[in-house]
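Data block below; observations after.
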Amino acid sequence: MSLTLLSSPLQGFTDYRFRTAFQKHFAGIDTFYAPYFRLNGVHEMKSSNIKDILPENNATTHVIPQVMCKDAVDFLTVAKFVQSLGYKELNWNLGCPYSMVTKRGMGAGLIKQKDLILSILNTVKAESDIVVSLKMRLGNDNPSEIEQLLPLLDVYPIKYIAIHPRLGKQQYKGTVDLESFEQCLKLSAHKIIYNGDIDSVAKFRYMQERFPTLDTWMLGRGIIQDPFLPGMIKHNSLVYPENANKQFSAFHDALMAEYALVLSGDKHLLLKMYHFWEYFSLLFSNSHKCLKKIKKAQHMRTYEAAVVDILRNEEIIGLG
Ligand SMILES: Cc1cc2nc3c(=O)[nH]c(=O)nc-3n(C[C@H](O)[C@H](O)[C@H](O)COP(=O)(O)O)c2cc1C
């Protein structure tokens, strides 16, 4: 069985700069999902979203755009726009857990509104030939939300449904609910993709053994915590490359150089990189110490010295 790995979108992290740098320095991801388009009250798209999916910014990667909305007008606005750029598929976000979003009936807050979801899908089907895929949680408050929705989706032309088996109200806390995910596999005729907490080859192997019929997996935070992970999963290997520190260093420098072009002033750049290091540090031995070093570095020179220090003295060990 062939194995497909998708990069799930992380707003603030997996923009085209990250995706391009990742693709140049690492391997294993077949398709990247871009962070969601969310339209404002007058159905306008943000220029940052537009820039993120322009073909010239994504020449080296296979990208699918995503929309988060609760009406067909917004869906079709984004669908038309992305089609004009040559995209064939639009992914619909029914999983965002942030209360500002769910309270407005979007993201995970939309899952329980079955009739609204079906009516949007009906309109989209009637007015567009875009390929639709879904990315969702189990519900906002209860897994019964997805259990009631899934059978109703069988009659719609949906490419696949990626499921992150947590509830919206959990945010990222607690564990993934694998029993409910297993139930979802039984309740849907669509292709189901697993997403959630795959942060090591061992974890991937565990999931693969638990769900042997799945051939496509989506990795989110795992590829930022460990950009070697998708390649190692594909090669079924637990061993990091010999020159891993050098490889990571080249990736880090490429990523930072990209952000230096657009972020004004060292402070913004260092803050951006600090947020990446909240994930990157987990790749290294003494991850807590690594992050502390990065946090302490308030100037470009001290930051660069901290990175050199980490790459020289810490070992790339990942999460097991
Ligand atoms: C900072 C952050 C931003 C995210 N942005 C998006 C997004 O734009 N669209 C989306 O569908 N999911 C988004 N997610 C959810 C992830 O794509 C993913 O579904 C979730 O983190 C679970 O997978 P993981 O455990 O592999 O990270 C975001 C998650 C985080 C932590």
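The values are calculated or read from the model by the stated rules, or taken from the named source; none is laboratory data. Keep in mind the model is a prediction, meaning the values are calculated, not measured. Reconstructed Cβ throughout: ideal geometry from the backbone, glycine too, with neighbour counts over all protein chains shown. All accessible areas refer to the heavy atoms of the entire protein, side chains included, with ligands and DNA or RNA removed. Shrake-Rupley method; radii C 1.70, N 1.55, O 1.52, S 1.80 Å.
Which one is farthest from residue 185 (Cα to Cα) among residues in the stretch 206-244 that are among the β-branched types (Val, Ile, Thr) and away from the ligand (no atom under 13 Å from the Cβ)? Explain how you work it out, then say what you get.
Let us first name the residues in the stretch 206-244 that are among the β-branched types (Val, Ile, Thr), namely 213, 216, 223-224, 233, 239.
Adding the requirement that they be away from the ligand (no atom under 13 Å from the Cβ) leaves 213, 216, 239.
Values: 213: 10, 216: 13, 239: 32 Å.
Going through the qualifying residues, I end up with 239.
Can you tell me which of (1) surrounded by 15 or more Cβ atoms within 10 Å (Cβ to Cβ); (2) assigned to a helix (DSSP H, G or I) is the one residue 288 doesn't meet?
Here residue 288 meets the rest and fails (1).
Can you find a residue that is open to solvent by 20 Å² or more (accessible area, probe 1.4 Å) and within 30 Å of residue 106 (Cα to Cα) anywhere in the stretch 202-210? So that I can check it myself, show each step before the final result.
First, the residues of the stretch 202-210 that are open to solvent by 20 Å² or more (accessible area, probe 1.4 Å): 202-203, 205-206, 208-210.
With the extra rule that they be within 30 Å of residue 106 (Cα to Cα), the set shrinks to none.
Within the stretch 202-210, none of the residues are open to solvent by 20 Å² or more (accessible area, probe 1.4 Å) and within 30 Å of residue 106 (Cα to Cα).
Collect the residues in the stretch 163-181 that are among the polar types (S, T, N, Q), in contact (Cβ under 8 Å) with a residue 60 or more places away in the chain and assigned to a loop (DSSP other than H, G, I, E, B), keeping them in residue-number order.
As a first pass, look at the stretch 163-181 and keep what is among the polar types (S, T, N, Q): 170-171, 175, 180.
Checking the rest, the ones that are also in contact (Cβ under 8 Å) with a residue 60 or more places away in the chain come to 170-171.
The one that is among the polar types (S, T, N, Q), in contact (Cβ under 8 Å) with a residue 60 or more places away in the chain and assigned to a loop (DSSP other than H, G, I, E, B): 171.
Which ones in the stretch 176-205 are within 11 Å of the ligand (Cβ to nearest atom) and of a type in the set (Ser, Thr, Tyr)? Don't jump to the end; show me each part of the working.
Kept after step one, since they are within 11 Å of the ligand (Cβ to nearest atom), are these residues of the stretch 176-205: 176, 193-199, 203-204.
Once the filter is applied, which keeps residues that are within 11 Å of the ligand (Cβ to nearest atom) and of a type in the set (Ser, Thr, Tyr), the stretch 176-205 yields only 194.
Output the number of residues of the stretch 27-40 satisfying the condition of being surrounded by fewer than 19 Cβ atoms within 10 Å (Cβ to Cβ) and not acidic (Asp, Glu). Quick ask: steps written out before the conclusion?
Within the stretch 27-40, the first condition is being surrounded by fewer than 19 Cβ atoms within 10 Å (Cβ to Cβ), and the residues that meet it are 27, 30-31, 40.
The next check asks that each one be not acidic (Asp, Glu); those that pass are 27, 31, 40.
So the count comes out to 3.
So, in the stretch 70-86, exactly how many residues are without any contact (Cβ under 8 Å) to a residue 40 or more places away in the chain and within 16 Å of the ligand (Cβ to nearest atom)? Outline the logic, then answer.
Here is the first cut: in the stretch 70-86, the ones without any contact (Cβ under 8 Å) to a residue 40 or more places away in the chain are 73-74, 77, 81, 84-86.
Still in the running and within 16 Å of the ligand (Cβ to nearest atom): 74.
Going through the stretch 70-86 one residue at a time, the tally reaches 1.
Quick one: residue 13 ticks every box in (1) open to solvent by 20 Å² or more (accessible area, probe 1.4 Å); (2) away from the ligand (no atom under 16 Å from the Cβ); (3) in contact with a helix residue (DSSP H, G or I) (Cβ under 7 Å, 6 or more places away or on another chain) bar one, so which box is it?
Of everything listed in (1) open to solvent by 20 Å² or more (accessible area, probe 1.4 Å); (2) away from the ligand (no atom under 16 Å from the Cβ); (3) in contact with a helix residue (DSSP H, G or I) (Cβ under 7 Å, 6 or more places away or on another chain), residue 13 misses just condition (2).
Is there a residue being in the same structural domain as residue 174 (by TED's automatic domain parsing), open to solvent by 40 Å² or more (accessible area, probe 1.4 Å) and within 13 Å of the ligand (Cβ to nearest atom) anywhere in the stretch 94-113?
The initial filter retains those residues of the stretch 94-113 that are in the same structural domain as residue 174 (by TED's automatic domain parsing), namely 94-113.
With open to solvent by 40 Å² or more (accessible area, probe 1.4 Å) added as a condition, the list becomes 98-100, 103-104, 112-113.
Imposing the further condition that a residue be within 13 Å of the ligand (Cβ to nearest atom) reduces the set to 98.
Yes, some residue in the stretch 94-113 is in the same structural domain as residue 174 (by TED's automatic domain parsing), open to solvent by 40 Å² or more (accessible area, probe 1.4 Å) and within 13 Å of the ligand (Cβ to nearest atom).
For the stretch 124-162, enumerate the residues that are outside any strand (DSSP E or B), open to solvent by less than 10 Å² (accessible area, probe 1.4 Å) and in contact with a His (Cβ under 9 Å, 6 or more places away or on another chain). Working first, answer last.
So in the stretch 124-162, the residues outside any strand (DSSP E or B) come out as 124-130, 140-157.
From what's left, open to solvent by less than 10 Å² (accessible area, probe 1.4 Å): 124, 146, 149-150, 153.
Scanning the stretch 124-162 gives 150, 153.
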